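These notes concern the structure reproduced below.
The values are calculated or read from the model by the stated rules, or taken from the named source; none is laboratory data. What you see is a predicted model, and the numbers here were worked out from it, not measured in a lab. Please note: Cβ atoms are built from the backbone with ideal geometry, for glycine as well, and neighbour counts cover all protein chains shown. Heads up: the accessible areas ignore ligands, DNA and RNA and are worked out on the full protein's heavy atoms, side chains in. Shrake-Rupley method; radii C 1.70, N 1.55, O 1.52, S 1.80 Å.
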Amino acid sequence: MASTQPAIPLTPHRRSHRRARLVLAGLVLAALAAFAWSLSAGALPVSGSDLINAITGGAGGMETDIVRTLRLPRATAAFACGGLLALAGALMQVLLRNPLADPYVLGISGGAAVGALGAILAGAASGWIDAGAFIGALGATLLVFGLAHGDGSWTQTRLLLTGVIVAAGCGAAVALMLSLAPEGRVKGMLFWLMGDASSVSQPWPALVLLLIGLVIALPFARELNLLARGEITARALGVRVGRLRALVYGLGALLTAVAVTTVGSVGFVGLIVPHLVRLAIGNDQRLLLPAATLAGGVLLCAADTAARTVVAPIQLPVGVLTALIGVPVFLFLLARHPR
């Protein structure tokens with residue numbers, strides 16, 4: 001008679017990794033669903049067969065042209081920029097050891113807004129507006145980094161306070177430019193400030209940078225796990241904290257700058273998404289970083305689709321929807337962590 005052996009129960013560690021793999025698989029499916037919704041929904045609905053033909057290069061037609069030239073670049077840009085913001089937020093939260101930290105708090109978004117609105121106010125072409133946003137974001141990054149570093153005593157509190165001050169200054173500059181702008185340009189400036197993916201024709205640089213950012217960040221996941229436990233612990237275990245901080249801050253700033261340059265100022269993605277993913281799969285950066293990237297892409301892609309369809313033919317700024325989602329979620333998280 002064959003002997004039967006009792007099933008070996010899963011350890012908590014194995015259970016957590018199994019749960020994380022299930023979450024990652026679910027996020028991949030959610031990303032595919034978000035893309036399918038974004039490509040098929042709109043003023044001209046596209047059926048499943050027409051969508052497959054448009055993607056695989058089948059027979060052309062109006063539906064194929066709309067999917068390839070309008071909806072696919074917009075959906076790709078929204079997904080890539082959502083992933084960029086979520087990845088940057090996850091990195092910044094490790095850097096500041098604060099689960100409610102956000103790269104926008106550090107003034108990067110404000111710097112991009114100053115650069116872009118300055119170009120719009122000057123009547124520059126769209127390419128120069130993107131360049132102005134990128135230059136402004138990197139300028140704010142260098143300013144915050146330089147002021148926070150000071151005499152070399154770089155602390156999380158000093159970095160955060162410096163970012164808040166720079167962001168406030170950028171906000172004042174934005175308000176000044178809006179008050180001086182001609183009436184015909186104010187609407188476009190406000191729309192850019194609230195986020196807009198409708199005019200994106202080349203989303204591939206943002207998507208490529210997203211992949212590069214993950215490739216750079218994942219090899220440092222173990223060191224990021226140690227840094228999350230505290231600077232003293234990380235140093236004792238051989239982590240070069242200064243180098244890691246500079247890398248994380250520089251990479252997070254670059255990711256945010258490219259996202260803001262591509263789709264404008266979109267808030268709460270980098271703040272909310274990493275924290276929700278952390279609640280679902282834990283704080284292991286080897287799993288958290290790719291999961292947050294996928295979740296951020298899904299959120300912004302779905303929000304952009306809803307922004308152009310919920311009150312069609314009027315298109316809402318995508319930043320409005322992310323704020324409507326992010327504010328109550330943020331208040332809920334704040335209630336869970338009152339300290």
Next item on the list: Would you look at the GNM of the chain, springs on alpha carbons closer than 10 Å, and say which of Pro45, Pro317, Pro290 moves the most?
Entry: Pro45
Margin query: Order His275, His17 by their accessible area, 1.4 angstrom probe, all chains in place, largest first.
Written below: His17, His275
Margin query: Could you compute how fast region 188-307 diffuses translationally, taking Rh as the Kirkwood radius over C-alpha pairs and applying Stokes-Einstein at 25 °C with viscosity 0.890 mPa s? Give it in µm² per second.
Written below: 156 µm²/s
Note to self: If I compute volume of the Cα convex hull per residue in Å³ from the structure I just sent, which labelled value in (1) 338; (2) 183; (3) 146 lines up?
What the structure shows: (2)
Check: Sorting Ile66, Ile272 by accessible area (1.4 Å probe), largest first, what list results?
Finding: Ile66, Ile272
Next item on the list: Find how many whole Å separate the alpha carbon centroid of region 165-240 from the alpha carbon centroid of region 90-137.
Entry: 6 Å
Next item on the list: Only Lys, Arg, Asp and Glu count, each charged at its Cβ (+1, +1, -1, -1), so figure out the dipole size of the chain about its Cα centre, rounded to 20 debye.
Entry: 1240 debye
Notebook entry, point to check: Hey, quick one: spin label on Leu333, modelled 7 Å out along Cα-Cβ, who in region 296-326 has an amide N within reach, i.e. under 20 Å?
Noted result: 296-304, 318-326
Check: Taking a 1.4 Å probe, which of Leu96, Leu22 shows the most accessible area, and what order do the others take after it?
Finding: Leu22, Leu96
Check: Using Cα pairs under 8 angstrom and six or more residues apart, how large is the relative contact order of the chain, in percent?
Finding: 30 percent
Check: With r defined as the distance between the Cβ atoms of Asp65 and Arg240 and R0 fixed at 51 Å, what FRET efficiency is calculated, to the nearest 0.05?
Finding: 0.45
Check: Per-residue accessible area for Asp196 at 1.4 Å probe radius, Å² rounded to 10?
Finding: 40 Å²
Check: By how many nm would the segment from Val320 to Ile52 lengthen if fully extended, with 0.36 nm per residue of separation less the alpha-carbon distance?
Finding: 93.4 nm
Notebook entry, point to check: Within the accessible area of region 83-336, what % is carbon and sulfur when the probe is 1.4 Å and the other protein chains stay in place?
Noted result: 70 percent
Check: Which peptide among 131-140, 257-266 comes first, and what is the full order, when sorted by highest mean count of other Cβ atoms within 10 Å?
Finding: 257-266, 131-140
Check: So if we plug the beta-carbon distance of Ala124 and Arg18 into 1/(1 + (r/R0)^6) with R0 = 45 Å, what FRET efficiency do we get, rounded to 0.05?
Finding: 0.30
Notebook entry, point to check: By how many nm would the segment from Ala131 to Ser201 grow when fully extended, if each residue of separation counts as 0.36 nm and the alpha-carbon distance is taken off?
Noted result: 23.7 nm
Item checked: Heavy-atom accessible surface of region 18-60: percent carbon and sulfur, 1.4 Å -> 68 percent
Margin query: Tell me which DSSP H helices of the chain clear both cut-offs, 30 Å or more of axial length from alpha-carbon atoms and a mean Kyte-Doolittle hydropathy of at least 1.6.
Written below: 156-180
Check: What is the spin-label model distance, in nm, from Ile232 to Ala168 if the labels are put 7 Å beyond Cα along the C-beta direction?
Finding: 3.2 nm
